[in-house]
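The block underneath contains the structure these notes are about, expressed in structure tokens.
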Amino acid sequence: MMVEGKLWRTIWREANPPAAGIIDQTRLPHAMVTRSLRTLEEAAESIRAMRVRGAPLIGATAAYGLWLAMRDDTSDAALERAIAVLLATRPTAVNLRWALARGREDLKPRKPEERVAAALALADRIAEEDVTLNRAIGEAGLPLMRSIAARKGPGEPVRVLTHCNAGWLATVDWGTATAPLYRAAEEGIPLHVWVDETRPRNQGSSLTAWELRQQGIAHTVIVDNAGGHLMQRGEVDLVLVGTDRTTSTGDVCNKIGTYLKALAAHDNGIPFHVALPSPTIDWEASDGLREIPIEERDPEEVTHLAGRLEDGSIARVSLTPPGTSAANPAFDITPARLVTGLITERGVCAASAEGLQGLFPERSS
Ligand code: MRU
């Protein structure tokens, strides 16, 4: 997508010296800073520290991490160690496991001397495929945007509420939940996006607001608790979010707070759609609440906040009385019954085993 008139992706290959380039998302929205990942450890650290984040981008970064590991040591033991190191970075987004399983399947049968080139080709392929999948999600979601727009008066915007950042920053390009929005904007459909700030890390107010601004899409940041109120007032036409892992039965795991938005949408008869590429489907899981591991993050993300002071410097402040205990579950589960539809690269389906198998018949057992 465009940043200040220049086309960017969130991850790219650098030649000299060999590295994977990333946008350091911990510095946004205050600074656009890039980093070069030259080792397995740097790739793992970037995922762990959330310099890169969002399910599809975590998967793509892990694939480049395998390449960086192979550049050091092409043995079977090094491959298994790299997979273990990367898998341990974050537990919830299934794209990580998916990308590493693909890496093992591709690299293990090869001779060690072939593995560096093969790992790089695979990482490039995974990144490229992600762009294609998200573009297809944009096409698949476009009829939904058109149908809501058709019910509006001339010039009246389609009002979409989104949570966290399921935009291009969470993927290699396009985003998942934002892809239908970007396609709708290209078609001239007027839009307005309610952006949940998404405490505690504020991916909404710092990342989604930044990228929508770069793309020129009208938006307003709201506190996480405002969504229900806006829905009751008839100010939301559609809730559209991404997901870190969706079960084969359509239970959706996404950033903490998503479940409450789904409940409010259900209570107010507002469609609640989830956009996802197929690598985010966990075909082995059928019960989201029991089977999806929920990441517990540092309580200091709740008790402290970082931001820019008037003089431009970045400061970290404490919000709670000293010693206050805090809990920080990073994701929650929205049961399939609260999900109106899943927007995938192959089209829109019901959030159910039948719905998903209809689009992915090769997964039917
Ligand atoms: O903790 P994060 O920032 O990695 O969480 C990201 C999300 O929850 C996104 O909504 C999800 O990955 C879908 S993104 C295409």
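The values are calculated or read from the model by the stated rules, or taken from the named source; none is laboratory data. Treat the numbers as computed from the prediction; the structure is a model and nothing was measured. All Cβ positions, glycine included, derive from the backbone under ideal geometry; neighbour counts span all protein chains shown. Heads up: the accessible areas ignore ligands, DNA and RNA and are worked out on the full protein's heavy atoms, side chains in. Shrake-Rupley method; radii C 1.70, N 1.55, O 1.52, S 1.80 Å.
Please give the contour-minus-distance gain from Ile294 to Asp124: 0.36 nm per residue of separation, less the Cα-Cα distance, rounded to one decimal in nm. Please report the intermediate quantities before stating the final value.
Details: separation 170, 0.36 × 170 = 61.20 nm, distance 2.90 nm.
Gain on extension, Ile294 to Asp124, equals 58.3 nm.
Taking all protein chains in place and a 1.4 Å probe, what share, in percent, of the accessible surface of region 1-109 do carbon and sulfur account for?
50
Identify all aspartates and glutamates with a Cα-Cα distance to Lys152 below 15 Å; exclude those on the same chain that are fewer than 8 residues away in sequence.
Counting by Cα, and skipping residues close in sequence, Lys152 has these aspartates and glutamates nearby: Glu235, Asp237.
Ignoring the sites themselves, what is the longest stretch of the chain with no trypsin sites (Lys or Arg not before Pro) in a DSSP loop and at most 13 other beta-carbon atoms within 10 Å?
The answer is 1-150.
Among DSSP beta bridges whose residues both lie in the chain, state the antiparallel percentage, nearest 5.
Roughly 55 percent of the DSSP beta bridges within the chain come out antiparallel.
Using only Cα atoms and rounding to the nearest 10 degrees, what angle (0 to 90) does helix 115-150 make with the longest principal axis of the chain?
Value to nearest ten degrees: 10.
Do the sum for the chain: with -39,500 (n - 2.57) for every DSSP H run of n ≥ 4, divided by all residues, what is the mean residue ellipticity at 222 nm, to the nearest 500 deg cm²/dmol?
Per the formula, -11500 deg cm²/dmol.
Please report Rg (one decimal) and Dmax (integer) in Å for the Cα set of region 240-365.
18.1, 60
Tell me the per residue accessible area of the chain using a 1.4 Å probe; a whole number in Å² is fine. Don't skip to the end; give the middle numbers.
Values: 15370 Å² over 365 residues.
It amounts to 42 Å² per residue over the chain.
About the Cα centre of region 154-223, how large is the charge dipole given +1 on each Lys and Arg Cβ and -1 on each Asp and Glu Cβ? Please answer in debye to the nearest 20.
200
Starting from the Cα gyration tensor of region 67-190, take the square roots of the eigenvalues, sort them a ≥ b ≥ c, and report rounded, prolate or oblate (rounded when a/c is under 1.5, otherwise prolate if a/b is larger than b/c, else oblate).
Here region 67-190 falls in the prolate category.
Based on the Cβ-Cβ distance of Glu14 and Glu284, what FRET efficiency does E = 1/(1 + (r/R0)^6) give at R0 = 45 Å, to the nearest 0.05? If you can, show how the numbers build up before the last one.
Details: r = 35 Å, r/R0 = 0.78.
Given R0 = 45 Å and the Cβ-Cβ separation, E is 0.80.
With charges only on Cβ, +1 for K and R and -1 for D and E, what is the dipole size of region 188-327 about its Cα centre, in debye, rounded to 20?
Rounded to the nearest 20 debye, it is 320 debye.
State the Cα centre-to-centre distance between region 103-129 and region 258-288 in whole Å.
Distance between centres, Cα-based: 33 Å.
Along the positive direction of the dipole of the chain (beta-carbon charges: Lys, Arg +1; Asp, Glu -1; about the Cα centre), which of Ala140, Thr280, Leu57 reaches farthest?
So the residue furthest toward the plus end is Ala140.
With 15 Å as the cut-off, how large is the P(r) tail for region 219-293, expressed as percent of Cα-Cα pairs?
Values: 1572 of 2775 pairs.
Percentage above 15 Å: 57.
With the radius of gyration and the Kirkwood radius both derived from the Cα set of region 177-314, what is their ratio Rg to Rh?
Rg/Rh: 0.98.
For region 134-232, what is one quarter of the convex hull surface built on the Cα atoms, given in nm²?
Result: a mean projected hull area of 6.1 nm².
How large is the Kirkwood hydrodynamic radius of region 305-365, counting all unique pairs of alpha carbons, in Å?
Final number for the Kirkwood radius of region 305-365 is 16.3 Å.
Output the 0 to 90 degree angle, nearest 10, between the alpha-carbon long axis of helix 76-87 and the longest principal axis computed from the alpha carbons of the chain.
20
Under a plain spin-label model, where a point goes 7 Å from the Cα along Cα-to-Cβ, how far apart in nm are Ala327 and Ala350?
3.4
In debye to the nearest 20, how big a dipole does the chain give about its Cα centre with +1 on each Lys and Arg Cβ and -1 on each Asp and Glu Cβ?
In debye, rounded to 20, the chain gives about 300.
Please report Rg over Rh for the chain, where both radii come from the alpha carbon positions and Rh follows the Kirkwood definition.
0.96
How big is region 1-157 along each principal axis, measuring the range of its Cα positions in Å and listing the largest first?
63, 34, 28
Take the alpha carbon atoms of region 301-316, find their center, do the same for region 17-47, and report the distance between the two centers in whole angstrom.
The distance from the Cα centre of region 301-316 to that of region 17-47 comes to 21 Å.
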